[in-house]
Amino acid sequence: MRSVFVCRECSVSYLPPESLAYSDGPASPVWCSICQRRAADLGVPEPVAARAVALLAQRAVAGREDAPSTARPGPDVRPSRPARTRRSNSGPGTRTRLG
């Protein structure tokens, strides 16, 4: 499973290449390709902290996929007795009189 990133500038979800490299340069885990080009034209540097967090999150997801799953499904827990309140029994079907 690959990580889907969210652009910090325009909030669009995007899927960069796994190598984080486009044909014309590196891909950004912070900005989509359109916002990345716009920031490069304006000379705005990529936020270093945001890039580090995005890459760490991507590595964590990749690490969880590679690790074997040792989690066992939990037991089926259902209530063993009826509810304590009368509210569960009250309703249109249980009334005997109107008024």
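A short reminder: the numbers here are calculations on the coordinates, not readings from a lab. Please read all numbers here as calculations on a predicted model, not as lab measurements. As a convention, Cβ positions derive from the backbone with ideal geometry for all residues, glycine included, and neighbour counts pool all protein chains shown.
Charge dipole of segment 5-66 (Cα centre as origin; +1 on each Lys and Arg Cβ, -1 on each Asp and Glu Cβ, all else neutral): 160 debye, rounded to the nearest 20. Backbone geometry of segment 10-27 corresponds, through the Karplus equation with coefficients 6.51, -1.76 and 1.60 at θ = phi - 60°, to 3J(HN,Hα) couplings of 10, 6, 8, 7, 9, 10, x, x, 4, 7, 6, 9, 8, 5, 9, x, x, 8 Hz, x marking Gly and Pro.
Along the axis of the charge dipole computed for segment 5-66 (Cβ charges of +1 for Lys and Arg, -1 for Asp and Glu, origin at the Cα centre), the listed residues Ala62, Val48, Ser13 are led at the positive end by Val48.
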